[in-house]
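For reference, the structure discussed in these notes is given below.
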């Protein structure tokens with residue numbers, strides 16, 4: 001069936017909007033494992049001709065970037081309420097240190113926050129509340145989203161290269177994404193615990 005010039009019986013017609021929508025939704029409200037969406041789509045692209053791997057990456061970057069900009073924009077527009085949320089339990093000197101950190105290494109923090117499990121939203125909320133400028137946020141967010149999409153697409157490519165079955169490749173890609181996220185979360189927790197023990 002063709003609507004608006006699109007053949008909706010073609011899996012690709014549904015695949016790209018599903019990847020975009022899943023990544024966008026998960027980038028605004030963390031209810032969808034966005035890395036798993038990209039990894040699974042990349043695995044399907046490698047094992048079938050239903051999706052194009054470069055297009056999967058492009059669509060993933062766009063969904064992630066729009067989601068990150070929306071999150072940052074909400075934090076920046078929410079000013080007082082967001083600042084209270086970020087500042088809860090924080091001493092004024094610690095907040096000032098956060099502003100200084102963003103002034104010096106804001107782009108790096110945005111990139112690292114996107115790549116670390118559960119790091120993206122706190123970094124974007126803090127950046128918005130601390131009045132980080134759009135002109136510096138956008139290029140950093142673009143770089144972060146490209147690196148993120150490529151990294152998870154590579155995981156999908158690995159599983160797709162190992163298994164001929166798109167179903168098995170998708171399941172393995174999803175498992176790899178969750179494994180990488182779990183290891184990253186464990187390392188972050190260990191570093192936080194070590195840092196707390198030193199102070």
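Applying the condition of being under 15 Å from residue 67 (Cα atoms) and either touching a residue at least 40 places away in the same chain (Cβ under 8 Å) or assigned to a loop (DSSP other than H, G, I, E, B) (or both) to the range 116-126 and asking which residue is farthest from the chain's Cα centre (by Cα) yields 125.
The residues of the range 127-163 that are more than 16 Å from the chain's Cα centre (by Cα), surrounded by fewer than 16 Cβ atoms within 10 Å (Cβ to Cβ) and assigned to a helix (DSSP H, G or I), listed by number, are 134, 135, 136, 161, 162.
Can you pull out the residues in the range 56-90 that are outside any helix (DSSP H, G or I) and modelled with pLDDT under 60? Residues satisfying the conditions are 88, 89, 90. What's the total number of residues in the range 1-32 that are under 16 Å from residue 145 (Cβ atoms), modelled with pLDDT under 85 and surrounded by 15 or more Cβ atoms within 10 Å (Cβ to Cβ)? Residues flagged as under 16 Å from residue 145 (Cβ atoms), modelled with pLDDT under 85 and surrounded by 15 or more Cβ atoms within 10 Å (Cβ to Cβ) within the range 1-32 amount to 1.
The values are calculated or read from the model by the stated rules, or taken from the named source; none is laboratory data. Keep in mind the model is a prediction, meaning the values are calculated, not measured. Please note: Cβ atoms are built from the backbone with ideal geometry, for glycine as well, and neighbour counts cover all protein chains shown.
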